[in-house]
Amino acid sequence: MNTIRRRAVGALVLATVGATVLAACGSDSSGGSGDTSSPGTGGSAKKSTTVTLVSHDSFAASDAVLKEFTKETGYTVKVLRGGDAGAAVNQAILTKDHPQGDVFFGVDNTLLSRALDNGLFTPYTAKDLGQVPADVQLDAAEHRVTPIDSGDVCVNYDRAYFTTHKLTPPTTFADLVKPQYKNLLVTENVATSSPGLAFLLGSAASYGDDQWQAYWKQLKSNGVEVVDSWEQAYNERFSGSAAGKKAKGDKPLVVSYASSPPAEVVGVTPAPAQSPVGVATGTCFRQIEFAGLLHGAKNTAGGQALIDFMLSKAFQEDMPLNMYVDPVRKDAAEPEVFTKYGAKITDPESMAPDKIAAKRDEWAKSWSSIVLK
Amino acid sequence: MTSPLSKRALLRVEDATVRFGPRAALDAVTLEVAAHETVCVLGPSGSGKSTLLRAVAGLQPLDGGRVLLDGADQGAVPAHRRGVGLMFQDHQLFPQRDVGGNVAFGPRMHKVPRERREARVRELLDLVGLPGAAGRAVGTLSGGEQQRVALARALAPEPRLLMLDEPLGQLDRSLRERLVVELRELFGRLGTTVLAVTHDQGEAFALADRVVVMRDGRIAQTGTPLDVWQRPASAFVARFLGFENVADAVVAGAYADTPWGKVPVPTGSPSGPCQILVRPAGVRLTDASSGLRCTVLARTFRGSHLALTLAPPDAAPRIDAAAPLRGAPEVGAEVAVTFTPDEVVLLPAE
Amino acid sequence: MVVDRPQVTPQVTDATDVTVVRRRAAAVRRRGIVVRLGLMAVPAAFFCVFFAYPVAAIVGRGLHEGGHWRFGRIGDVLGDAGIRHVLWFTCWQAAASTALTLAVALPGAYVFARLDFPGKRLLRAVVTVPFVLPTVVAGSAFLALLGRGGFTDSLWGVRLDTSVWAILIAHVFFNYAVVVRTVGGLWAQLDPRQEEAARMLGASRPAAWRQITLPALGPAVAAAALMVFLFTFTSFGVVQILGGPTYSTLEVEIYRQTAQLLDLPTAAVLTLVQFAAVGAILAVHAWTVRRRESTLRLVDAGTTAHRPRGGERALLGGVLAVIALLILLPLGVLVARSLDGPDGYGFTFYRSLNSLGTSSTFVVAPLETVGNSLRYAAVATVIALAVGGLAAAALVRRAGRLVRGFDALLMLPLGTSAVTVGFGFLITLDKPPLDLRSSWILVPLAQALVGVPFVVRVMLPVLRAVDDRLREAAAVLGASPLRVWREIELPLVGRALAVAAGFAFAVSLGEFGATVFIARPDSPTLPVAVARLLGRAGPDTYGQAMALSTILMLVCAASLLVLENLRPRAKGADPSPGEF
């Protein structure tokens, strides 16, 4: 009786394992990501040919470019993605004793201090760093992180709305509190959304540590609406985006990215003269994304090669259409859709990472007591 | 006290004890069933009959004692290897299999080849009077048919001992009486060894070579139907068999003192206090001048005779009597009663 | 013939014999315990390694600082006014959602249980779709119902988005099926003759319902209510999407504290609070389930339904209207938006989905995500069935307190934040032999965690309903325990097994939370791909997300429809699969 039951249990376990293995084979063959063995498990004697990149859900690169990397260096890139930028950084911090990969990409200036304070990265000076403007090299002293891309969080406007209402679109923070823009703006919750936080930081950088609260009180009385995520703001409430039109969005102003206008015309035929979305160029806050060699990486050489590659012209020029960000490399050409439909942001607001780290929680609390209560 | 172990005993239960909490459902029961014998365990509900069957089948672990089949201790043998059949009270036919599938189940478990299995199913369905029913769904069977299928299923693996739990319990009376005869005839023909339990004495007496009466987990009496009928071993057995004329008595010589007055006892009866049973046949109605004067309380038609309930004077226990169909007294009539010693049984005092 | 004389006194037996017998009986009993423990070993190990250990580790990291346990944090966190507000909101919205769900869904339960109408099966599958739909998708569809320019707005000028009503109504949308299935499942099996008997004894129709049916349904209603309470208490996506930034549940707060702020101590305290609450809910639930299983007279569900007559037609009409408004409409909006292309209605987005993923690693071709999802869900289902099936097999044997506690433990993952589990995985499954972090198996494991409670809940009542004597009948006919299982139990519970598999499959298919918090190699599932598409601007991304959602919905509905067809057919004594 006993043995028979045990045998039954054994059979079930075997069946489970069997199915698991089968599925593993299936996922390997269709995934096509090459060597899926985890880094370093092959033994220290043999040089690992896989370099593992840990990132957030928005990371993207063209297959062709990644193949080029493999061709140049012999390394295959394995990408692990988990959650949004905040969650991905936090995961990396939690696993810093046993890092999941060799390189982390996707920590931005709002999260940089947390990552650096936790000793996430090993210093490495990338080969082409000279091609990167000094003002985005926020860790120039130690080179623990390397800037890869930048993007601006700005107020976007629905061009059609302002044309039909014969209204000049706003361009600055100060414009937004004017009565003609009452009840037109939707932004995101500072506590749950990265563009929401960036917009607050932009206003704080513009008005100063003690004055931004007064500005937000004015915004509040001018009818600013707050939703929890960019997806809701841009896809549901904004009237200028393709998604928002479908969802009958009613807000012609939204906190989004400077790259949203070109994104709205990608793939549209025939190419329109203008993007349906415009950018209020004086409301921008610059986000810079960094990559760093993870402390305790198994494949240090591969990781360094990958960081070098991410600063290469090929990767930098591939990035804009994959992640809708701007390259940091000075000589990287932007795609035509960016130059034609995008706005040139000349003087975005910015803030030092350690100041962001110091003020972030406090400001988020006082922001929500001003705006949400 | 212990009886010599019969060489022919197919089943021997020794001091079997099963406890459910503080209550003993089986209390040191010892019992034998010889090969080809049909034994019926008779008792009221809760007397431990079904537990006895389940213990023999191996479905109920014993808290004490042992079960031997063909002389071999079955303690370590699981139910499915004991080679006994059990027909459940409510049949427990497998709902997802048809009639043939149910009957073939046992032979299949015993790895009987398909052709022989099919032949066996046909043979058994013929035997129980359901030829050609193999393809029917069990949900479409009547109660009597389910009974027959359950019997065929229990017989199919040719168990060395067939056990029946209230085999005819749920059937109506006429069907029951007919089936009892059929079963007895069938078991006799097949030479099956049978241990059945029932609460119906008529069924037990009609079916069994030997009857075992149980009470509160213990055996109250064992014997042939005639034996038990004629000499109930206790007032409990007597009452369970339907005899109501039981009273306290003190025997002195040829007579006993009872609430009904002096009652003659069989010669050689030991003197002293005891209980006395007078079977209805031993109650004589005479003319009103002599004997115990009783009033007729009720009369019940019993086909061959009338059963009378008589009320003696002075709050003495009522007396059951039998009267011929013709000339029986009316309800309310006064009759005189005398007793014949042949139908008087002395029972141990309780 | 040997005739035993009546034995009145128990026989005096040799003392050594008694010991031997006792020992043997004890051995038999021990063997039962060993078997049960053996059956429990796999689910217990699974639960410990993939749930208890990771969650304990992440909570421990929050409360264990500098070599000391900081239980003082509990007081600090609970003393915070903001947190107390969150707790209060979490509780009352769950209570209100539960009451509203019951009020709306109980008539539906009656209609599905007792009335025959065309399309009943299809409709029963459709009302279950929201239950397994990812909240990301359903939430946005729901906005179309209650939000600006939505149904209520264009009809009555009523906008309910970012009001608490939106949350409550969306909770009804998600949990309608829980009540219909749990209560309706039992209702269909209640013997109508019981009520008829009461009416013959002079009870009016409402009185008979109140006196006979309601008490019989009571435990099922309570069990359904508790399940709804559990699901709404831990509500995440709905509150985030529909509630707006002013409303936050405990689950949302745990997510924020962990994934955004990395405030592990606060997250740990909140996780413990949620555990306590969920534990209490589960204990009450287990208690009502036990009561439900006790004493009812059940009949074949196929025999109790009838064509609607008189007032029942109005009731049926009302229920159908509610379903149309509350469930079909949001789902319909989703489909409509997926078809509403730049050049009018058509399959533009579906076609453009196919051109995705050719050049970039960001989005993959939909066929591939469907394949990924199906593959993950299949593996998760196998794991959930093995673990849940064994657990149910262990739980069906006479339950002691220990076993009942185990039952409740297996339900705990349903009430645990996905981010807690996901982050817990990361910090525990990081060393050989369990370095699973970069392994694809992590995703189905996390999904199976959610599937197991469903499998147990479906299998347990059925296994319990298999008459013990049926097993015994097979045993005395010579079937070994394994044969008994294969020949008797498996065919009887086969349908329940299929139902359990379908549920686990559908739930795995729609599982989003745990999947998204695990950094994993690039094989996005349908819900993850939908989220990615929604997360970027573009002329087509939204339509493509809706198209993918529609595909997900269809896959879910198809698997549920297959389940529906596995429900008990007309005749047969087999017990019907359990619901929650």
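Quick test of your reading of the structure: C:Ile281 fulfils all but one of (1) modelled with pLDDT of 85 or more; (2) crowded, with 17+ Cβ neighbours inside 10 Å; (3) away from chain A (no Cβ under 14 Å). Name the failing condition by number.
(1)
Here's a check for you: in region B:218-227, which residue that is over 13 Å from B:Glu37 (Cα atoms) and within 10 Å of chain C (Cβ to nearest Cβ) is surrounded by the fewest Cβ atoms within 10 Å (Cβ to Cβ)?
Residue satisfying both the conditions and the ranking: B:Asp227.
Go through C:Leu353, C:Leu374, C:Leu442 for me and flag whichever is modelled with pLDDT of 75 or more and more than 11 Å from chain A (Cβ to nearest Cβ).
The conditions single out C:Leu353.
Which residues, taken from region B:329-347, are over 29 Å from B:Val228 (Cβ atoms) and either aliphatic (A, V, I, L, M) or in a loop (DSSP other than H, G, I, E, B) (or both)?
Of everything in region B:329-347, those that are over 29 Å from B:Val228 (Cβ atoms) and either aliphatic (A, V, I, L, M) or in a loop (DSSP other than H, G, I, E, B) (or both) turn out to be B:Pro329, B:Glu330, B:Val331, B:Gly332, B:Ala333, B:Val335, B:Ala336.
If I ask for residues that are hydrophobic (A, V, I, L, M, F, W, C) and more than 13 Å from chain C (Cβ to nearest Cβ), which ones from region B:85-123 would you list?
B:Val99, B:Ala119, B:Val121
Which numbered condition in (1) modelled with pLDDT under 90; (2) surrounded by fewer than 24 Cβ atoms within 10 Å (Cβ to Cβ); (3) assigned to a loop (DSSP other than H, G, I, E, B); (4) not aromatic (Phe, Trp, Tyr) is the only one that A:Gln274 fails?
Failing condition for A:Gln274: (1).
Within region C:442-539, considering only helices (runs of 4 or more DSSP H) that don't extend past its boundaries, which have at least 2 residues that are closer than 24 Å to C:Val132 by Cα?
The qualifying helices (runs of 4 or more DSSP H) are C:442-465, C:490-510, C:513-516, C:526-534.
Collect the residues in region A:122-147 that are touching a Lys or Arg at 6+ places or on another chain (Cβ under 9 Å) and of a type in the set (Val, Ile, Thr), keeping them in residue-number order.
Across region A:122-147, the qualifying residues are A:Thr122, A:Val132, A:Val136.
Kindly state which helices (runs of 4 or more DSSP H) lie completely within region B:189-246 and contain at least 2 residues that are within 21 Å of B:Arg279 (Cα to Cα) and touching a residue at least 40 places away in the same chain (Cβ under 8 Å).
Helices (runs of 4 or more DSSP H) meeting the threshold: B:201-207, B:235-240.
Please count how many residues of region B:267-311 are closer than 16 Å to B:Ala328 by Cα, more than 26 Å from the chain's Cα centre (by Cα) and in a loop (DSSP other than H, G, I, E, B).
2
Within region A:199-230, can you find the residues that are within 14 Å of another protein chain (Cβ to nearest Cβ) and within 25 Å of the chain's Cα centre (by Cα)?
Passing the criteria: A:Phe199, A:Leu200, A:Val224, A:Glu225, A:Val226, A:Val227, A:Asp228, A:Ser229, A:Trp230.
What are the pairs, 6+ residues apart or on separate chains, where a residue within region C:526-537 that is at the interface with another protein chain (Cβ under 8 Å from one of its Cβ atoms) and free of Cβ contacts under 8 Å to residues at least 12 places away in the same chain has its Cβ under 8 Å from a residue that is surrounded by fewer than 24 Cβ atoms within 10 Å (Cβ to Cβ) and of a type in the set (Ser, Thr, Tyr)?
Cβ pairs passing all conditions: C:Gly535/A:Ser58; C:Arg536/A:Ser58; C:Arg536/A:Tyr324; C:Ala537/A:Tyr324.
For region A:78-95, give me each residue that is over 15 Å from the mean Cα position of the chain (by Cα), more than 7 Å from chain C (Cβ to nearest Cβ) and surrounded by fewer than 24 Cβ atoms within 10 Å (Cβ to Cβ).
Listed by number, the list is empty, since nothing qualifies.
Within region A:74-116, work out how many residues are within 20 Å of A:His143 (Cβ to Cβ), in contact with a strand residue (DSSP E or B) (Cβ under 7 Å, 6 or more places away or on another chain) and of a type in the set (Gly, Ala, Ser).
Within region A:74-116, residues that are within 20 Å of A:His143 (Cβ to Cβ), in contact with a strand residue (DSSP E or B) (Cβ under 7 Å, 6 or more places away or on another chain) and of a type in the set (Gly, Ala, Ser) number 4.
Going through region A:231-251 one residue at a time, which ones are more than 9 Å from chain C (Cβ to nearest Cβ) and more than 19 Å from A:Pro169 (Cα to Cα)?
Matches in region A:231-251: none.
Just wondering, is there one or more residues in region A:252-272 that are within 14 Å of chain C (Cβ to nearest Cβ), touching a strand residue (DSSP E or B) at 6+ places or on another chain (Cβ under 9 Å) and without any contact (Cβ under 8 Å) to a residue 12 or more places away in the chain?
No, there is no match, as no residue in region A:252-272 is within 14 Å of chain C (Cβ to nearest Cβ), touching a strand residue (DSSP E or B) at 6+ places or on another chain (Cβ under 9 Å) and without any contact (Cβ under 8 Å) to a residue 12 or more places away in the chain.
The values are calculated or read from the model by the stated rules, or taken from the named source; none is laboratory data. As the structure is a prediction and not an experimental result, all values here were calculated from the model. Every residue, glycine among them, receives a Cβ derived from its backbone with ideal geometry; neighbour counts consider all protein chains shown.
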